[in-house]
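K.L.:
To start, I am sharing the structure in question, which I have written as structure tokens.
Read the figures in this text as sums done on the coordinates, not as results from a lab. Since this is a predicted model, take the numbers as computed values, not measurements. A quick note on method: Cβ atoms are made from the backbone with ideal geometry, for glycine too, and the neighbour counts reach across all protein chains shown.
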There are 2 protein chains.
Amino acid sequence: MNPMPPNNVSSDVRMKGFASRKTVEEAIEWIDSQLPNFSNLPSEEVSLLESCGRILAADVVSSVNVPGFNRSMMDGFALRATETHGATPYNPLPFKISGGSFPGSPFSGTVFPGQAVCIMTGAPMPDGANAVLPVENTERQGDSLLAMGEVSAGKHVGSVGEDVQSGSTLLSARRTLRPQDIGVLSSIGCSQALVIRRPRVGILITGNELLPCGTAPRDYQITDANGPMLHSLVKRDGGQPVMPGLVPDDRESLLASMAAMSESADILLVSGGSSVGQDDHAPQLVATHGMLAIHGIAMRPSSPAGMGLFNNRLVFLLPGNPVSCLCAYDFFAGRAIRAFSGRNTEWPYRRVQAKLTRKLVSTVGRVDYARVKLIGNNAEPISISGASILTSTTSADGFVIIPSNSEGYAAETIIEVFLY
Amino acid sequence: MNPMPPNNVSSDVRMKGFASRKTVEEAIEWIDSQLPNFSNLPSEEVSLLESCGRILAADVVSSVNVPGFNRSMMDGFALRATETHGATPYNPLPFKISGGSFPGSPFSGTVFPGQAVCIMTGAPMPDGANAVLPVENTERQGDSLLAMGEVSAGKHVGSVGEDVQSGSTLLSARRTLRPQDIGVLSSIGCSQALVIRRPRVGILITGNELLPCGTAPRDYQITDANGPMLHSLVKRDGGQPVMPGLVPDDRESLLASMAAMSESADILLVSGGSSVGQDDHAPQLVATHGMLAIHGIAMRPSSPAGMGLFNNRLVFLLPGNPVSCLCAYDFFAGRAIRAFSGRNTEWPYRRVQAKLTRKLVSTVGRVDYARVKLIGNNAEPISISGASILTSTTSADGFVIIPSNSEGYAAETIIEVFLY
């Protein structure tokens, strides 16, 4: 931890920079080309009460009818429809009330000619009856009923399976479960749902200047922001973060951590040391022990990002600067995690149109990620552009992407803002 | 559970119907009028890693600067700016490299006149130096450096507190925590966040026809859909569901359950028995032991919904029919739960414009909640309108609200769809 002698400074190598950078599109294409290799997403059973928002792993076919019996759709009287023919308020027809049918408590007998059974909405239809005469078309005295209207056969009767038919596909694989889906699943007797397992995402944070979350920054050290941020991003995207402590910033420790993590995790994220210096171990380790597919991307921030394969896992190399880390996560790692979790790969950010209050300058050949504040329908660029200033993303309401074929946007341009 | 004798059928009372119904607007006004009485939302400390998406209970003021030291913004050489004056590629000026400063590992000496310290991005600025000359403006041989460009004082130096200033308000109360907020909170040393406690929402499910979740429906019984659905809705809206088993559908059991639940829960939901029959215990209990503010609402479905106060808790009476239950939850209970959890009270549904494929008929004086399927930009009304058919809400993509002053919409009308 002491200053190194000048002849040994690692900057000599790092300072060479990237020989060439890939475009953002090439990086995304590479990710998408890898996804089919990981498309057999594992599934798991989870309690129905914990399954809302999860992604169904398989079609759900009901093995029961809901309801399992014919039921009344009205409060009224179950009877034989033909016996009401001709009934009007001026020609009331008499019935004898022979009992009642209530939800969960059916009438156990049969409705014979001339009889009616008082019935509640949702209650089972008694044998013999084939229609329900609504209460407002009746008059009652004790067990005598006067029908003052007609009903046709089947009227006001909900039939077996009217909600769910046995054998029908109720919900399809890849559906995101909604509250009402949970209700329907419960109604057919499920207590569990088979959902896509959340991909386990190993988060390895390196950097000799870092103190672990929960420690106040002191002296010349800063407290890790990337670990907790990535943890939250992974959860947002449907992943299961696995985050051991900070990884010492040397080749052997990082290799050991990557190897151990790749045994249990589906995807690896390495934050810090992602550039081209000799202290930037992660790209070298991926290149040596796996496959470094992309390293150096024509974007700002996040240019020193990379990705590849390590022990047959997708690995994303994220810059240590927190804004770069967030941006590289959102462009690349998040896409893969959403795919692994069965979600739409697109950004989970809502988009709004807004008018730029002042120009946003970029450079052709590079994608820019510019934070903006929304004031009504105006987007005010955040003047601090440093990739180390994470508060530029907390004071911002969202960000604007300037594509690589653009030199930026003039003031007053209507642009699309992705809302954080 | 046997059919009751005809002289004792509960339908006699129920069938009277509501004497008068309140409007949806009146019900919402009543909820909003109650919210100020519950505005002191309790807070709790949660682990930072569990706090994303939660609502901050208080402003966060930093007690530290981030970074706590001046740092380099470039890879290059820390030196005294005035000593570079006049340096160009044609007039290189010599410096002696006296050491290196690396992230977390500062140069411990002082940069004296004629000296430079090799420095990496993010590394602490050494004493004596006040600027960083980028590496691309230098040439180096061993410990000899040639400066081939000028820098002014402060150039490429990030100063103490440039990300976070000690004493500044970093995040404001009522903010929904984002991943980058979690990063910033970690960077100032937090391991916990003070967030609004999730309101505890007691869910009481009644209905003699019901079997508990996890049981296959059989005979004349159906399996509870409302409990698991409400559980999911409450979680979606930031509440903490508390759901004991099914409550027996008698006055004493329900009163005892409501009383017990109201000791620990912030809000009560009672599903089933919400209408005006003598077996509809919930409204009677609220009227007798608390205050029944609203009972019967001019809407379809959900007309037999109610709300009031019980043991100083807000209580919502939700119809047992599952579509009515969902709709009444969304119109009324969800609004209160979102308010209690510190969220926006509006519906969490995304809205889109769509063209009706056929007319939607309603009645003036009543709000209608109509499920629709989206096919491209067209909204196809779901033909099944029964409040008992929960699958009408799972086959639908969203719903349309027909306000009480409308008789409905003609085919081809552009309407607003709330997406489930």
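K.L.:
Measuring from a point 7 Å out along Cα→Cβ, what nm distances, shortest first, does B:Glu29 have to its partners in the other copies?
P.N.:
Reported distances to equivalent positions: 6.2 nm.
K.L.:
Based on DSSP, what percent of beta bridges with both residues in chain B are antiparallel, to the nearest 5?
P.N.:
So the antiparallel bridges in chain B amount to around 70 percent.
K.L.:
Please compute the volume of the convex hull spanned by the alpha-carbon atoms of region B:266-360 and report it per residue in Å³.
P.N.:
Considering the Cα atoms of region B:266-360, their hull volume per residue is 108 Å³.
K.L.:
Could I ask something else about it? If you restrict to DSSP beta bridges whose two residues both lie in the protein assembly as shown, what percentage is antiparallel, to the nearest 5?
P.N.:
That works out to approximately 70 percent antiparallel.
K.L.:
Taking 1 over the mean of 1/r across every pair of different Cα atoms in region A:350-419, what Kirkwood radius in Å do you get?
P.N.:
11.9 Å
K.L.:
Find the centroid of the Cα atoms in region B:279-309 and in region B:143-195, then give the distance between the two in whole Å.
P.N.:
54 Å
K.L.:
Provide a whole-number value for the mean count of partner chain Cβ atoms within 10 Å of the Cβ atoms in peptide B:229-239.
P.N.:
Whole-number average of other-chain Cβ neighbours for B:229-239 is 5.
K.L.:
Still on this structure, please answer the following. Using amide H atoms built 1.01 Å from N in the peptide plane, name the residues 5+ places from B:Lys373, or on other chains, whose amide H lies under 5 Å from its own.
P.N.:
HN-HN under 5 Å from B:Lys373: B:Glu380, B:Ile382, B:Asp397.
K.L.:
Another question about this same structure. Where in region A:335-361 is the amide nitrogen less than 15 Å from a point lying 7 Å along the Cα-to-Cβ axis of A:Ile414?
P.N.:
Within reach of a label on A:Ile414, which here means backbone N under 15 Å from a point 7 Å along Cα→Cβ, region A:335-361 contributes A:352-357.
K.L.:
Something else now. Between B:Pro199, B:Pro217, B:Pro381, where does the largest GNM mean-square fluctuation fall for chain B, given springs only between Cα atoms within less than 10 Å?
P.N.:
Its mean-square fluctuation being the largest, the pick is B:Pro217.
K.L.:
Go ahead and estimate [θ] at 222 nm for the protein assembly as shown from helices alone: -39,500 (n - 2.57) per DSSP H run with n ≥ 4, summed, over the residue count, rounded to 500.
P.N.:
Result for the protein assembly as shown: -5000 deg cm²/dmol, rounded to the nearest 500.
K.L.:
For B:Lys155, which aspartates and glutamates qualify as cross-link partners when the Cα separation must be under 12 Å and same-chain residues fewer than eight apart are set aside?
P.N.:
none
K.L.:
Using a Cα-Cα cut-off of under 23 Å, which lysines could be cross-linked to A:Lys373, ignoring same-chain neighbours fewer than 8 residues away?
P.N.:
Output for A:Lys373: A:Lys355, A:Lys359.
K.L.:
Can I ask one more? In Å³ and rounded to a whole number, note down the convex hull volume per residue for the Cα atoms of the protein assembly as shown.
P.N.:
Output value, Cα hull per residue: 166 Å³.
K.L.:
Jot down the radius of gyration and Dmax of chain A, Cα atoms only, both in angstrom.
P.N.:
For chain A, the Cα-based Rg and Dmax read 32.8, 112 Å.
K.L.:
Collect residues whose amide H, placed 1.01 Å from N in the peptide plane, falls under 5 Å from the amide H of A:Gln192; neighbours closer than 5 in sequence don't count.
P.N.:
Amide H neighbours of A:Gln192, under 5 Å, 5+ apart: A:Leu48.
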